[in-house]
Amino acid sequence: MSARLRHSRVELALHELRAGSGRPLLLLHGLGERTPPAAPPELAPWSGPIFGLDFTGHGESSLPRGGGYTAEGLMGDADTALRHIGQATLVGRGLGAYVALLLAGARPREVRGAILRDGLGLAGGGPSPGTPQIAFPNPDGRGAPDPFALAELARDVRPPDYATAFLRQANELSGLERPVCVCCAERPEWLVAVAAEPGAFEARIDEALRHFADI
């Protein structure tokens with residue numbers, strides 16, 4: 001079952017992957033991906049409902065004309081989903097992991113833990129701006145994923161001190177002792193900095209799910 005949500009001029013697709021009672025789990029996919037058709041088996045330890053959001057320009061969500069993608073814009077997508085389902089624990093893959101971290105800091109009372117996992121788009125464009133470029137996607141390319149999203153979000157700049165500022169905000173205001181769990185083998189600079197901060201811990205995905213289910 002899917003719901004259609006409005007974020008600015010974009011229509012987002014929010015999919016219910018598994019029904020249940022209790023706090024929801026919200027899945028945020030990687031760059032160029034979409035919500036899977038069913039809840040991944042590794043999420044079986046979670047007893048509550050599971051939802052997945054298609055980011056702008058991905059899956060069944062609409063495509064804006066002319067690009068203009070940023071991780072902060074996708075954070076707004078996830079915030080729209082969060083307002084719809086209420087307090088939730090986040091599981092982000094790749095790009096979705098970075099967005100989950102941002103939302104954990106921006107909405108510390110609503111996000112009851114963020115689990116960061118490997119996936120496409122985890123590193124982004126590195127810690128500092130590179131040579132300015134203009135994306136010229138294939139004009140014949142239509143449909144999701146939006147070629148502008150692939151081009152622009154792959155170069156999204158992610159300074160370590162910017163990422164840790166969101167973790168510190170979650171630490172300060174969420175009321176959780178450890179609001180972020182790192183379940184990644186790949187470690188771009190922003191994630192190395194986050195993992196070294198108080199409030200972040202490392203665990204397997206099943207351990208992380210049980211930890212946040214108990215809070």
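The values are calculated or read from the model by the stated rules, or taken from the named source; none is laboratory data. As the structure is a prediction and not an experimental result, all values here were calculated from the model. Using ideal geometry, Cβ is built from the backbone for each residue, glycine included, and neighbour counts are taken over all protein chains shown. Please note that ligands, DNA and RNA were not included when accessible areas were found on the heavy atoms of the full protein model with its side chains. Shrake-Rupley method; radii C 1.70, N 1.55, O 1.52, S 1.80 Å.
Around Pro145, under 9 Å between beta carbons, what's the net of Lys plus Arg minus Asp minus Glu among the other residues? Charge balance in the 9 Å sphere: -1. For the options Val194, Val157, Val180, a Gaussian network treatment of the chain with springs between C-alpha atoms closer than 10 Å singles out Val157 as fluctuating the most. Global dimensions of segment 45-123 from alpha-carbon coordinates: Rg and Dmax equal 12.4, 41 Å.
About its Cα centre, how strong a charge dipole does segment 1-64 have in debye, to the nearest 20, once Lys and Arg get +1 and Asp and Glu get -1 at the Cβ?
Numbers: 6 positive and 6 negative charges, 41 e Å.
Dipole of segment 1-64, to the nearest 20 debye: 200 debye.
Other residues lying with their Cβ under 13 Å from the Cβ of Tyr69 contribute a combined charge of -3, Lys and Arg counting +1, Asp and Glu -1.
DSSP finds beta bridges in the chain, and of those with both partners inside it, around 35 percent are antiparallel. Taking every alpha-carbon pair under 8 Å whose residues sit at least 6 apart, segment 1-127 reaches a relative contact order of 26 percent.
Projected label points at Ser2 and Ser128, each 7 Å from Cα along the beta carbon direction, are separated by 4.3 nanometres.
Rg to Rh for segment 40-87: what is it, with Cα atoms only and Rh by Kirkwood?
On the way: Rg = 13.3 Å, Rh = 12.6 Å.
With Rg and the Kirkwood Rh in hand, the quotient comes to 1.05.
To put it simply, the accessible area of the chain at a 1.4 Å probe is 52 percent carbon and sulfur. As a rough guide to protection, the peptides 18-31, 63-76 ranked by mean Cβ packing within 10 Å, highest first, stand as 18-31, 63-76.
Each DSSP beta bridge with both residues in segment 1-68 is either parallel or antiparallel, and the antiparallel ones are about 75%. When Rg and the Kirkwood radius Rh are both evaluated on Cα atoms of segment 1-75, their ratio Rg/Rh stands at 1.00. The slack in the chain from Asp214 to Thr70, taken as 0.36 nm per residue of separation less the alpha-carbon distance, amounts to 48.5 nm. Under 14 Å from a label point set 7 Å out along the Cα-to-Cβ vector of Ala165, the amide N atoms of segment 94-108 belong to 102-103, 105-106. In this structure, Ala19 and Glu207 have a Cβ-Cβ separation that, at R0 = 22 Å, corresponds to a calculated FRET efficiency of about 0.35. For the chain, what is the relative contact order in percent, using Cα pairs closer than 8 Å and at least 6 residues apart in sequence? Value for the chain: 21 percent.
Going through (i) -0.23, -0.62, -1.12; (ii) -0.19, -0.56, -1.15; (iii) -0.21, -0.64, -1.30, the figure that equals log10 I(q)/I(0) by the Debye sum over Cα atoms at q = 0.07, 0.12, 0.17 Å⁻¹ as computed for the structure here is (ii). Here the simple spin-label model places points 7 Å from the Cα toward Cβ, and for Arg9 and Ala151 these points are separated by 1.8 nm.
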